[in-house]
């Protein structure tokens, strides 16, 4: 899947960045301040931790999120609001965590629990915007158009705008065609492609029946459209129907 290498692009530093921090994080700041998160006075010779509990919480959460992604990704965090009536016991140290089944992608939440001084946890709502390199259309592309590396280029996009995976390597376009119209600059995702058919209904094919230690070949006719790697039904001259995997103009049937 890497016959063609994507064009290199300049990427910003891979640190998580928060959007709209002062207002959106105010409720969490108040809650954590009430919980006593502000660190005690540091000992002589040690760096004094931040006195602002909101900044400390933000830094811990951002660092946790950043470690969940590779260096090729850029992450922005947009914090939501906790219940303003929430009250927590005093806490000396918090720890972010990811709940089972949760995903740091789009609208989600991250857990924050007290690991020193109290026993509680809260879910902090947030939006995680993930940016990274992906293939985008270089020109207008009509539906059912055979695709190649000449039709795309690599660009940083917001990958988390959709749940479906974006394409990252021009080699992924080999033997594929577009399923719909694509505009210039549009990110290519898996559902934008389908295998280009190599056989169509009525096309003559070579039927290759593969068993343990033997191979038998015969002629047949495809009964549907299919591309390499896809299954297709084939009618033999005797009228028998067999199902095999397309490989060019050959259909392999495993016995």
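Structure summary
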read-out: Residue match in the stretch 162-172 (condition: assigned to a strand (DSSP E or B), within 18 Å of the chain's Cα centre (by Cα) and farther than 27 Å from residue 250 by Cβ); value: yes
read-out: Where residue 147 falls short, out of the listed (1) closer than 24 Å to residue 105 by Cα; (2) crowded, with 18+ Cβ neighbours inside 10 Å; value: (1)
read-out: Odd one out for residue 234 among (1) under 30 Å from residue 127 (Cβ atoms); (2) at pLDDT 95 or above; value: (1)
read-out: The stretch 72-100, subset in a loop (DSSP other than H, G, I, E, B) and touching a residue at least 60 places away in the same chain (Cβ under 8 Å), residue nearest to the chain's Cα centre (by Cα); value: 73
read-out: Qualifying residue in the stretch 209-229 (condition: in the same structural domain as residue 142 (by TED's automatic domain parsing), out of contact with any helix residue (DSSP H, G or I) (no Cβ under 6 Å at 6 or more places or on another chain), crowded, with 18+ Cβ neighbours inside 10 Å and part of a strand (DSSP E or B)); value: no
read-out: Test: residue 136 is more than 20 Å from residue 68 (Cα to Cα), touching a strand residue (DSSP E or B) at 6+ places or on another chain (Cβ under 7 Å) and crowded, with 16+ Cβ neighbours inside 10 Å; value: yes
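The values are calculated or read from the model by the stated rules, or taken from the named source; none is laboratory data. Please read these numbers as outputs of a predicted model, since none were measured by experiment. Every residue, glycine as well, gets a Cβ built from its backbone with ideal geometry; the counts of neighbours run over all protein chains shown.
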